[in-house]
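Engineer: Handing you this structure, nothing more for now.
Since every read-out is calculated from the coordinates, none of them should be taken as a lab result. In this text, all values refer to a predicted model and were calculated from it rather than measured experimentally. Cβ placement follows ideal geometry from the backbone for every residue including glycine, while neighbour counts extend to all protein chains displayed.
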Amino acid sequence: MSGEVAMQFSSVGFRYQIPNPKWYNPFQKRQGPGISHIDLTVLKGKIVGLVGTNGAGKTTLLRIISGVLPLSEGEISKDGEILSKEALRSMVGFMPEQVRWSGQQTVRNTITEFALLRGCSIQSAVDILSVVGLKNRADTSLQSLSQGMRQRLSLGVALLGAPDVLVLDEPFNGLDPVAMDAFKRLLRSLAASGIGIVISSHHLTELGHLVDTLALLHQGQLLAQGTTETLQSKLGFEDITELILDRTMSDDLLTMLDVLESEEIENGHRYILQSSDPKLLQLLVEEKHQIFTWRVVPPTLIELLCSATGLDRTSIGMDVEHSNMIPLRNLGGEEE
Amino acid sequence: MKPSRRMMLLAYRLGRNRLFSTRMLIMLPILLLFIPGMAWGFADPNIQLPDNQIPENATETMFLASIGIVFAGTMAAVLIAHDGISKDRLSGVLEVRLTQPMERWRQSMVLVLGHWMSIAIPVILMITLSMILVGYRSDMWISLTDALVFNVAAMLILLWYTVFGLLASSVAKEQGSAIAFSIGLWFLFTLLWVLFTTLLAALNGVAVGDTQDQSYLVFEGRLDLLSPNGVYHHLLETRIDGVERGVTNLISYLAAVVWTVAPLYLFQKRVNRLVP
């Protein structure tokens with residue numbers, strides 16, 4: 001990974017305190033789920049995508065990055081200097097998942113209020129409304145805003161004070177495809193201006209097209225971080241090839257190949273193969289096959305996640321009860 | 001802009017929003033009825049009070065009318081502040097606020113000052129109106145010092161209840177619990193405290209309810225230091241002659257300082273540890 005580091009996370013961890021009432025102390029608490037030993041690098045001008053199942057710890061990590069939750073282990077640094085909570089908050093702009101802005105207050109008043117909280121000029125706050133496309137809605141009351149406009153306002157607030165790192169939790173929720181496209185273009189232009197962006201989303205397709213690197217989170221731990229290509233290689237993915245031929249392949253050829261899927265289609269046969277070996281093309285030509293489609297299919301984010309976690313496609317999405325707990329391992333404290 | 005100036009500006013904006021809110025519009029008639037309304041009633045030259053008490057000057061009339069502040073003013077403070085944090089927590093705005101670089105203690109002061117201002121302004125206006133009404137009706141005018149003490153004491157009790165409301169709001173995860181906690185506290189100090197005092201007095205062998213019994217008055221006076229309403233009345237009594245409830249003026253002032261500092265400190269600590 002090359003580029004200027006905007007922020008570095010080393011062995012970062014946090015565990016929630018959950019109620020554990022006892023007869024002698026009804027308010028007793030114990031350590032609950034959380035995240036542990038996260039090493040993450042955010043580069044300037046790059047977009048990091050956080051991917052994980054429900055309860056994997058994405059929001060917890062984002063809250064730590066934005067200084068809402070305290071660190072119980074590890075450190076966050078920039079240029080080798082450990083950042084205090086206040087320094088962290090002034091460097092990071094945070095857009096939480098679905099802020100329900102409401103009330104009679106106008107958009108202009110709201111962003112001005114947050115400019116005061118942030119310590120930046122009121123004029124710069126009003127200018128940000130143009131960046132997020134709310135300039136014409138500046139005098140609209142919050143309760144009249146649509147969901148997409150609320151998301152834009154949240155992004156505007158996160159952009160106040162020119163943060164080095166932008167942290168976005170599920171920013172595509174509630175956006176229509178047009179708004180989503182505009183949002184993605186805006187994020188790309190922000191990244192191009194040098195802001196490091198950390199983004200968590202369940203819209204895996206959208207995320208896949210947007211991010212430069214991916215961080216796979218599962219059960220509170222970071223399984224891997226890198227570009228899609230790096231992760232494919234780390235996780236042992238070989239290229240998958242989609243092939244549409246005029247007829248079925250001979251048995252000799254089929255025994256040589258690792259066929260994942262095979263189906264008869266109109267005017268031909270479709271194969272999904274775990275290989276993109278160029279020799280295959282030569283063999284198909286020798287057998288006088290007509291090749292309609294030859295396409296190398298990269299693994300989807302779901303496949304990467306399944307491969308990294310060892311879970312299958314069905315259970316990875318539904319096994320919330322299991323996945324929202326840190327796995328049993330020695331974390332230097334009591335275990336659940 | 002200096003952080004302290006930003007803090008004051010934010011508090012002003014919050015106070016202004018709350019002052020012109022629908023909730024305040026609903027509470028204003030109640031405040032009008034209880035504060036100037038009571039002053040008007042107690043200023044009646046032919047008033048009949050228990051034990052044939054007759055207010056001898058405007059300060060005593062205002063002291064009697066202060067019950068309006070204890071009932072309506074404190075209730076309004078609690079109702080204004082009870083969702084100061086919980087509403088933002090529910091909508092997700094709290095999370096955005098907590099990520100801002102302004103120190104948490106400053107953010108907590110913004111909340112306290114803003115909510116306090118929104119209730120203090122109408123109450124000050126109504127106390128002033130009450131004083132004018134008392135002077136107009138009984139031809140007895142309150143001295144400037146007494147007027148100042150009355151206003152300062154009223155501001156203090158409103159501050160205490162505002163902080164109670166905000167504390168409840170910071171603890172509660174939703175609106176229902178916040179209002180139950182705040183109103184519960186108001187109910188305890190405003191209504192149940194009398195029961196608590198008489199119960200404890202009875203257990204200690206004091207002649208309960210006998211307002212002429214000095215030992216009961218002293219017992220009640222001392223126990224009142226544990227209640228914000230009691231301390232408020234002790235502060236007002238510093239300007240009334242002939243009141244002997246076993247509490248010196250200095251102790252009343254000290255109790256007021258403790259009731260101001262302790263909840264503010266607790267609230268500031270609470271905001272420091274606040275998570276969305």
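Engineer: Give me the net charge for the shell around A:Q8: Cβ to Cβ below 14 angstrom, other residues only, Lys and Arg +1, Asp and Glu -1.
Structural biologist: Counting the neighbours of A:Q8, the net charge comes to -3.
Engineer: If you don't mind, another one. Hey, got the Cα dimensions of chain B along the principal axes, in Å, largest first?
Structural biologist: If we take the Cα atoms of chain B, the spans are 60, 46, 33 Å.
Engineer: Tell me, what ³J(HN,Hα) does each residue in the range A:288-300 have, in order and in whole Hz, if you take phi through Karplus 6.51 cos²θ - 1.76 cosθ + 1.60 with θ = phi - 60° and put x for Gly and Pro?
Structural biologist: 6, 7, 8, 9, 8, 9, 9, 9, 7, 9, x, x, 7
Engineer: Okay, moving on. Test of understanding: ordering A:L186, A:L273 by Cβ neighbours within 10 Å, fewest first, what list do you get?
Structural biologist: Values: A:L186 17, A:L273 22.
Placing the least packed residue first, the sequence is A:L186, A:L273.
Engineer: When you look at the Cβ of every residue in A:88-94, what mean number of other chain Cβ atoms sits within 10 Å?
Structural biologist: 3
Engineer: Compute the helix-to-body angle for A:147-159: its Cα long axis versus the longest principal axis of chain A, expressed 0 to 90° and rounded to tens.
Structural biologist: 70 degrees
Engineer: Over the range A:163-267, how many percent of alpha carbon pairs lie in each 10 Å bin up to the one with the longest distance?
Structural biologist: Each 10 Å bin holds this share of Cα pairs: 11, 31, 23, 20, 12, 2, 0.
Engineer: Something else now. Using only the alpha carbons of the range B:87-205, determine the length spanned along each of the three principal axes and report them from longest to shortest in whole angstroms.
Structural biologist: In descending order, the Cα extents are 56, 42, 22 Å.
Engineer: Let's test the formula: R0 of 30 Å, r as the Cβ-Cβ distance of A:Q28 and B:L188. What FRET efficiency results, to the nearest 0.05?
Structural biologist: Details: r = 26 Å, r/R0 = 0.87.
The value I calculate is 0.70.
Engineer: Take every DSSP beta bridge whose two residues both sit in the protein assembly as shown, then give the antiparallel share in percent to the nearest 5.
Structural biologist: In the protein assembly as shown, approximately 70 percent of DSSP beta bridges are antiparallel ones.
Engineer: In square nanometres and to one decimal, what's the mean projected area of the convex hull around the Cα atoms of the range A:1-122?
Structural biologist: It is 11.1 nm².
Engineer: Something else about it: Taking every eigenvalue of the Cα gyration tensor of the range A:240-297, multiplying by 5 and rooting it, what semi-axes result, largest first, whole Å? Walk me through the numbers on the way to the answer.
Structural biologist: Values: eigenvalues 41, 36, 25 Å².
Working from the Cα gyration tensor, I get semi-axes of 14, 13, 11 Å.
Engineer: In chain A, what percentage of the DSSP-assigned beta bridges are antiparallel, given to the nearest 5? Walk me through the numbers on the way to the answer.
Structural biologist: Working: 40 of 57 bridges.
Looking only at bridges with both residues in chain A, the antiparallel portion is about 70 percent.
Engineer: Under a Cβ-Cβ cut-off of 14 Å, what is the net charge of the residues other than A:D164 that fall near it, where Lys and Arg count +1 and Asp and Glu count -1?
Structural biologist: So the surrounding residues net to +2.
Engineer: If you don't mind, there's one more thing I want to ask. Taking only Cα atoms and a 10 Å spring cutoff, compute GNM fluctuations for chain A and point out the largest among A:Q104, A:Q274, A:Q28.
Structural biologist: The residue with the greatest mean-square fluctuation here is A:Q28.
Engineer: B:V152 to A:E81: FRET efficiency via 1/(1 + (r/R0)^6), r the Cβ-Cβ distance, R0 35 Å, to the nearest 0.05?
Structural biologist: Details: r = 48 Å, r/R0 = 1.37.
Between B:V152 and A:E81 the formula returns 0.15.
Engineer: Please compute the average number of Cβ atoms from other chains found within 10 Å of each residue's Cβ in peptide B:182-195.
Structural biologist: Other-chain Cβ atoms within 10 Å of each residue's Cβ, averaged: 0.
Engineer: Output needed for the protein assembly as shown: three equivalent-ellipsoid semi-axes, defined as square roots of 5 times the C-alpha gyration tensor eigenvalues, in descending order, whole Å.
Structural biologist: They are 66, 26, 20 Å, listed largest first.
Engineer: Just rank A:V157, B:V93, fewest to most, by other beta-carbon atoms within 10 angstrom.
Structural biologist: So the residues, fewest neighbours to most, are B:V93, A:V157.
Engineer: Also, quick follow-up: Would you be so kind as to identify all helices of chain B, as entire DSSP H runs, whose Cα atoms reach 18 Å or more along the helix's own axis and whose mean Kyte-Doolittle hydropathy is at least 0.5?
Structural biologist: Span-like helices here: B:22-42, B:104-138, B:144-171, B:249-272.
Engineer: Right, here's the next one. Express in whole angstrom the spacing between the alpha-carbon centres of the range A:27-62 and the range B:2-64.
Structural biologist: Answer, in whole Å: 50.
Engineer: Counting only other chains, and only Cβ atoms inside 10 Å, what mean value do you get across the residues of A:63-69?
Structural biologist: 4
Engineer: With angles folded into 0 to 90 degrees, how steeply does helix A:177-192 sit against the dominant principal axis of chain A? Use alpha carbons for both and round to 10.
Structural biologist: So the inclination is approximately 80 degrees.
Engineer: Here's another thing I want to ask about it. Assign one of three labels to the range B:197-260, namely rounded, prolate or oblate, based on the Cα gyration tensor with a ≥ b ≥ c the square roots of its eigenvalues; rounded applies when a/c is under 1.5, prolate when it is not and a/b is larger than b/c, and oblate otherwise.
Structural biologist: Oblate.
Engineer: Take A:D251 and B:N249, extend 7 Å from each Cα along the Cα→Cβ direction, and tell me the distance between the two endpoints in nm.
Structural biologist: For the pair A:D251/B:N249, the computed spacing is 11.3 nm.
Engineer: Go through B:177-183, A:190-196, B:233-239, A:252-258 and give me the packing order, highest mean Cβ count within 10 Å leading.
Structural biologist: Ranking, from highest mean packing down: B:233-239, B:177-183, A:190-196, A:252-258.
Engineer: Taking the Cβ of A:I244 as the centre, find all other residues whose Cβ is under 13 Å away and add up their charges (Lys, Arg: +1; Asp, Glu: -1). Before the final figure, lay out each step's value.
Structural biologist: Values: positive: A:R247, A:R270, A:R295; negative: A:E242, A:D246, A:E261, A:E263, A:E264, A:E266.
Here the charged neighbours net out to -3.
Engineer: Then there's this: Could I have the simple spin-label model distance between A:E266 and B:L28, label points 7 Å from Cα toward Cβ, reported in nm to one decimal?
Structural biologist: With each label point 7 Å from Cα toward Cβ, the separation is 7.2 nm.
Engineer: Would you order A:L207, A:L117 from fewest to most other beta-carbon atoms within 10 Å of each residue's own beta-carbon?
Structural biologist: Ranked by crowding around the Cβ, least crowded first: A:L207, A:L117.
Engineer: Once you place label points 7 Å from the Cα toward the Cβ at A:T293 and A:A192, how far apart are they in nm?
Structural biologist: With each label point 7 Å from Cα toward Cβ, the separation is 3.3 nm.
Engineer: Computed over the Cα atoms of chain A, what is the convex hull's projected area averaged over all directions, in nm²?
Structural biologist: Computing the convex hull of the Cα atoms and averaging its projections yields 23.0 nm².
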